[in-house]
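Taking it in order: structure first as structure tokens, then the write-up.
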Amino acid sequence: MFKSSNPILSRMDNAENAVVLEGKPMTVSGTIGKVFALLMIASVSGAAVIYEAMMGYADKVLVILGVALIVGLITGLVTAFVPKLAKFLSPVYAFAEGALLAGISLIAETQFPGIALQAVSATFVAFFVVLFLYRTGAIRATEKFRSTIMSALFTILIVYLVEFVGSFFNFHIPFLNGSGPISILVSCIIVVVASLSLILDFDFIEQGAKNLLPKDYEWYGSFGLLVTLVWLYIEILNLLAKLRND
């Protein structure tokens with residue numbers, strides 16, 4: 001059995017016995033190609049938002065951010081529960097997330113100039129370092145490793161839910177906010193967990209190809225990997241902001 005720490009890809013955990021009866025099967029190279037395609041789509045929408053901001057349309061950018069947040073949330077949830085739609089919705093999700101991340105980055109840039117480029121660079125460095133560790137076998141997606149990452153993800157999710165609900169009652173978890181040593185340490189841990197979860201995503205895609213999942217699952221696999229990258233970028237941006245504000 002192969003499983004993924006990614007909440008999106010984990011819905012495919014029971015598909016290891018799937019056999020392609022007709023058409024071409026899922027491949028690692030095909031999935032990688034689609035990952036790059038989604039990243040390009042996200043880059044286009046992100047560049048469009050940055051252009052609008054540079055032209056002075058701040059109010060328009062805020063509207064775009066609101067729409068991107070809603071569209072990204074809806075397409076993300078629908079795709080997570082209906083994998084067959086990934087081929088159609090993952091590009092929409094990528095476009096929405098590109099605009100959203102660009103807007104968040106612009107807001108961060110106003111307070112910490114240069115932080116967006118640092119966050120983008122750190123995200124891709126983390127991605128390729130983890131990929132290297134996976135390909136060389138330095139870190140393997142063992143059952144123990146998988147259960148550890150899953151437990152960490154579940155804990156982080158619970159903490160974020162408590163923070164979200166508490167925000168409506170003017171309650172905030174101290175170690176998630178501010179720029180103190182404990183808050184920075186927590187952010188570092190979350191970044192490490194997000195980075196290591198890529199190991200399980202890589203492993204799932206590889207195992208999915210070996211188990212001959214349908215070709216359309218390349219879109220689903222690339223979508224799940226994009227979700228992890230978006231999360232990783234946001235966490236790195238948050239960590240850098242805390243370090244710059246210290």
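Restricting attention to the stretch 168-180, the residues being surrounded by 11 or more Cβ atoms within 10 Å (Cβ to Cβ) and part of a helix (DSSP H, G or I) number 2. For ILE139, indicate whether it is over 22 Å from VAL230 (Cα atoms), in contact with an Asp or Glu (Cβ under 7 Å, 6 or more places away or on another chain) and either of a type outside the set (S, T, N, Q) or surrounded by fewer than 13 Cβ atoms within 10 Å (Cβ to Cβ) (or both). So ILE139 fails the test. For the residues LEU198, LEU212, the requirement of being in contact (Cβ under 8 Å) with a residue 12 or more places away in the chain, aliphatic (A, V, I, L, M) and outside any helix (DSSP H, G or I) singles out LEU212. What about PHE112, is it exposed (fewer than 15 other Cβ atoms within 10 Å of the Cβ) and not acidic (Asp, Glu)? For PHE112, the condition - exposed (fewer than 15 other Cβ atoms within 10 Å of the Cβ) and not acidic (Asp, Glu) - is not met.
Inside the stretch 198-238, residues that are closer than 20 Å to GLY76 by Cα and of a type in the set (S, T, N, Q) make up a count of 2. Residues that are free of Cβ contacts under 8 Å to residues at least 12 places away in the same chain and more than 20 Å from the chain's Cα centre (by Cα) within the stretch 30-61 comprise TYR51, MET54, MET55, GLY56, TYR57, ALA58, ASP59, LYS60, listed in sequence order.
Of all residues in the stretch 110-126, those satisfying the criterion of being of a type in the set (A, V, I, L, M, F, W, C) and touching a residue at least 12 places away in the same chain (Cβ under 8 Å) are PHE112, ILE115, ALA116, ALA119, VAL120, ALA122, ALA126. Would you mind finding the one in MET1, MET40, MET26 that is among the hydrophobic types (A, V, I, L, M, F, W, C), more than 17 Å from LEU89 (Cα to Cα) and either surrounded by 20 or more Cβ atoms within 10 Å (Cβ to Cβ) or at pLDDT 50 or above (or both)? That would be MET26, the only listed residue that is among the hydrophobic types (A, V, I, L, M, F, W, C), more than 17 Å from LEU89 (Cα to Cα) and either surrounded by 20 or more Cβ atoms within 10 Å (Cβ to Cβ) or at pLDDT 50 or above (or both).
The values are calculated or read from the model by the stated rules, or taken from the named source; none is laboratory data. Given the structure is predicted, the values throughout are model-derived calculations rather than measurements. Because the Cβ atoms are built from the backbone with ideal geometry, glycine has one as well, and the counts that use them run over all protein chains shown.
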